[in-house]
Each structure stands twice: as structure tokens, then as C-alpha cells.
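Asks: Pasting a structure below so you can have a look.
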Amino acid sequence: MLSQNEAFARIRLLRSPNIGPVSYRQLIARFGSAAAALDALPDLASRGKGPYRPAAAESIEREVAAVRRAGARYLFHDQPDYPALLAELDSAPPIVTCRGRLSLASDPCVALVGARNASAAAVKLARDFAGGLAEAGFTVVSGLARGIDGAAHEGAFPATIGVIASGIDITYPPQHVDLQERIASEGLLIAEQPPGTEPRGRHFPSRNRIIAGLALGTLVVEAAPQSGSLITARLAGEAGREVMAIPGSPLDARALGCNQLIREGAVLVQTPEEVVELLQSFTGAPRSRFRVAEDASGFDYAELAAADWDATGTEAIAALLSNAPVGIDELIRQSGANAAGVHMALLELELSGELVREADGLVRLAG
């Protein structure tokens with residue numbers, strides 16, 4: 001049972017500077033609790049240019065009050081009702097806020113995403129697909145954006161999960177204020193950002209990894225090349241989930257992203273029944289052929305508790321890094337160091353603001 005003091009310390013730890021989902025989990029594994037990790041942060045971040053200050057307790061008190069006012073609750077990564085598929089991601093959010101029926105995330109889920117400026121035909125197709133998938137017992141997950149996302153939620157309602165890039169108390173886009181409230185009241189609404197946070201460009205890839213992580217597979221209905229929907233599809237592929245796309249005319253720029261996905265290995269689907277058949281028979285080995293992220297994903301964070309590491313080792317790892325992203329397993333190979341030591345070095349570099357972790361598990365120097 002998570003105590004109130006430890007829950008508060010966990011929120012404070014995650015809101016502290018330079019701490020993301022991976023470093024949060026590593027700190028908990030290294031020190032045993034969030035409270036102990038908070039005490040250790042100043043020493044671990046000593047490489048930085050100035051003294052390290054964790055998030056102020058007063059700001060966390062205000063956040064907790066805002067979550068309560070919004071009628072939401074916190075969900076921590078090791079609680080029994082945290083979605084099992086999402087928990088499989090190395091970058092799974094350690095803490096989210098949510099409103100609605102959390103049980104929907106335990107049902108088989110399918111992500112349905114696509115263009116904001118979608119064609120009328122694609123919007124209808126998304127609504128029809130979502131309805132068919134909901135009737136077959138699936139929960140439809142999407143991002144509450146205009147176009148395909150909104151149609152997916154409406155078609156599947158109330159068996160739908162909306163994942164937003166803002167705080168749980170912020171509606172975006174404004175025209176979806178009623179839809180977002182309906183989802184929060186009868187479906188499930190999930191936010192990773194603290195309450196009061198307006199959506200920013202950097203928040204959307206983080207939101208997309210949650211959408212992909214909740215689902216057995218991701219279906220892209222209509223999308224232009226280089227769109228956020230393709231990011232969601234690739235994140236699904238890197239997580240070992242199914243990736244599906246509906247083909248479109250090569251004369252329509254809004255269909256080129258789907259056609260590109262199919263060319264790269266996504267499964268071509270044309271009916272909801274094909275999606276149902278694909279996901280009902282899913283055993284963890286997707287038929288789609290997308291690359292898996294190159295990362296030391298098999299590393300057990302519990303090994304960090306006994307890691308013996310010093311500043312010399314951290315300097316050696318820092319010397320191997322550049323602005324070009326690289327896999328952690330490659331750093332382990334090239335350094336000759338043990339995995340626990342390399343992860344500790346990366347943790348220290350991240351806390352001091354020198355390291356950036358990419359959404360696909362790669363790391364690079366900041367700036």
C-alpha cells in the first residue's frame with residue numbers, strides 16, 4: 001500500500017528538474033523510495049553548473065489540490081490498476097492523472113489515429129471502424145485531436161480512452177470541450193502533464209507513446225508524411241505492437257502517410273473485421289514489420305541498488321556521447337563497462353542537464 005507521504009514524494013521527484021520517466025524509475029530502484037531519492041538528488045546532480053533544487057513541496061501541494069478540484073486521481077506505475085500493456089514500455093509514465101472508468105484500459109485496446117484536416121470520407125471511415133471495434137469488445141484509444149481522433153472517440157463512445165497532451169483540467173482543442181467532458185464522465189481521460197499545463201509541441205510525442213503503449217495495435221486511417229500519427233505508429237512498432245493502415249489514393253496527400261506505412265511493413269486493412277482478427281490472434285509477435293528500438297531494454301533496474309560507480313566512469317561515458325542519438329547497448333559495448341554502471345552514468349548526466357533521452361530509447365548530449 002502506497003503511503004500518502006511516499007505518494008507525495010513521488011510526485012515531487014517526477015516534477016523535479018531534469019527527471020523523466022526513465023530517470024525516475026532508476027532513482028526509485030537505486031534508493032528504494034522517492035523520499036530517499038529526493039535526499040540524494042543534490043549529490044547526484046553535482047556535475048551541474050549550479051546547486052540542484054528539487055521541486056518545491058509547496059508547488060506539489062498546489063498541484064494535488066488542482067487534481068482534486070478537477071475530479072481526477074493520480075495513478076502510479078506500480079499500482080494494480082495501472083494498465084499492464086502501458087507498463088511494458090521502458091518510457092511508461094510513472095504517474096498519470098485520470099478521470100473516468102479505469103477498467104477500460106484493462107480491456108483489449110486498439111489505437112485509432114489520423115489527420116487533423118482529414119477528408120470527410122476518412123472521418124466517416126474512422127467513425128465506422130471505431131464503432132465496429134467497440135462492438136467487438138475493444139476499447140478505442142486516441143488523442144482527442146480534430147479530424148480522425150475526434151471521429152474515433154465518437155464512434156466508439158463510451159468504450160474510448162482520450163489521452164491528452166495538456167493537464168487533466170485543460171481542454172484542447174477548444175471545440176472538443178463537450179467531447180472531452182463526455183469521455184471523462186463515461187469513458188476514460190488520461191493526462192501525463194501536471195494540471196494547468198497548456199499543450200506544447202514537445203508534449204505531443206509523449207502523449208503519442210501513451211496512446212501506442214495502451215494498445216495491442218495502432219491503426220492509422222489517414223495521415224500525411226511526417227505527421228504525428230506516423231510517430232504513434234512507429235512508437236507502436238518499436239514497442240512490439242501491431243501497426244495497421246488503411247490505404248488511400250496516391251493522388252491525395254493526406255493518404256501518403258498510410259501508403260508509406262504499408263510500404264514500410266504495416267498491415268493493410270480495409271474492414272474492422274480484419275483489425276479484430278489481427279488483434280484477437282495477437283500473441284506478442286506482430287505481423288507488421290517495423291524496426292524495434294535498439295536499446296538495452298532487458299536491463300533490470302534493481303541492479304542499480306548495488307551499482308558501484310564514480311565520477312571517472314561518468315566522464316568516460318560522457319566522452320562517448322555527441323549530439324547524435326545512440327543506443328544504450330552501444331554505449332555498453334564501446335565502453336566495456338557493466339550495464340548498471342552505464343545506466344548510473346547516464347542518470348548523473350541527465351540530472352546535471354547534460355543528457356537528453358529520446359522517445360525511442362536513444363540518448364544524446366543536450367544542446
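Asks: If I model a spin label at D128 and N338 as a point 7 Å from the Cα along the Cα→Cβ vector, what separation in nanometres do I get?
Replies: About 5.9 nm, to one decimal.
Asks: For L320 and A40, what does the FRET efficiency come to when R0 = 30 Å and r is the distance between their Cβ atoms, rounded to the nearest 0.05? Mind dumping the intermediate values first?
Replies: Numbers: r = 25 Å, r/R0 = 0.83.
Here the calculated transfer efficiency is 0.75.
Asks: What percentage of the solvent-accessible surface of region 295-366, computed with a 1.4 Å probe over protein heavy atoms, is contributed by carbon and sulfur atoms?
Replies: The C+S portion of the solvent-accessible surface of region 295-366 is 49 percent.
Asks: Of the listed peptides 241-253, 32-44, what is their order by residue-averaged count of other C-beta atoms within 10 Å, with the highest listed first?
Replies: 241-253, 32-44
Asks: Taking loop as defined by DSSP and a crowding limit of 13 other beta carbons within 10 Å, which GluC sites (Glu not before Pro) in region 138-226 fit? Please report the intermediate quantities before stating the final value.
Replies: On the way: sites: E154, E181, E186, E192, E222; in loops: E192, E222.
When the GluC sites (Glu not before Pro) of region 138-226 are filtered for loop state and at most 13 Cβ neighbours within 10 Å, nothing remains.
Asks: If R₀ is 30 angstrom, what is the calculated FRET efficiency for the pair E186 and R146, using the beta carbon separation as r and rounding to 0.05?
Replies: Between E186 and R146 the formula returns 0.90.
Asks: Which of the trypsin sites (Lys or Arg not before Pro) across region 1-99 are loop residues per DSSP, with 11 or fewer other Cβ within 10 Å? Show your work: numbers first, answer last.
Replies: Values: sites: R10, R12, R15, R25, R30, R47, K49, R62, R68, R69, R73, R99; in loops: R15, R47, K49.
Here the trypsin sites (Lys or Arg not before Pro) that fit, given the DSSP loop and packing criteria, are K49.
Asks: With all protein chains present, how much of the accessible area of region 30-186 (probe radius 1.4 Å) comes from carbon and sulfur, to the nearest whole percent?
Replies: Of the solvent-accessible surface of region 30-186, carbon and sulfur hold 50 percent.
Asks: Rounded if a/c is under 1.5, else prolate if a/b is larger than b/c, else oblate: which is region 36-84, with a ≥ b ≥ c the root eigenvalues of its Cα gyration tensor?
Replies: Oblate, because a/c is 1.5 or more while a/b does not exceed b/c.
Asks: Could you do me a favour and compute the accessible area per residue for region 72-140, 1.4 Å probe, result in Å²?
Replies: Per residue, region 72-140 has 39 Å² of solvent-accessible surface.
Asks: Right, something else. Return the calculated 222 nm mean residue ellipticity for the chain, to the nearest 500 deg cm²/dmol, obtained by summing -39500 (n - 2.57) across DSSP H runs with n ≥ 4 and dividing by the residue count.
Replies: Result for the chain: -12500 deg cm²/dmol, rounded to the nearest 500.
Asks: Oh, and also: Need the C-alpha centroid separation for region 204-258 versus region 174-189, integer Å.
Replies: Region 204-258 and region 174-189 have Cα centres spaced 23 Å from each other.
Asks: Shifting gears a bit: Mind checking which of V123, A7, P174 is farthest towards the positive end of the chain's charge dipole, using Cβ charges of +1 (Lys, Arg) and -1 (Asp, Glu) about the Cα centre?
Replies: P174
Asks: Hey, another quick one. Would you mind computing, in nm to one decimal, how far apart the modelled labels at R364 and L251 are, each placed 7 Å from Cα along Cα→Cβ?
Replies: 3.9
Asks: Another question, if that's okay. Say each of Q226 and E277 gets a label point 7 Å from the Cα, pointing the same way as Cα to Cβ; how far apart are those two points in nm?
Replies: 3.7
The values are calculated or read from the model by the stated rules, or taken from the named source; none is laboratory data. These numbers were taken from a predicted model, which means no experiment stands behind them. Virtual Cβ from ideal backbone geometry, glycine too; neighbours counted across all protein chains shown. Quick note on the areas: whole protein, heavy atoms, side chains included, nothing else; ligands and nucleic acids left out. Shrake-Rupley method; radii C 1.70, N 1.55, O 1.52, S 1.80 Å.
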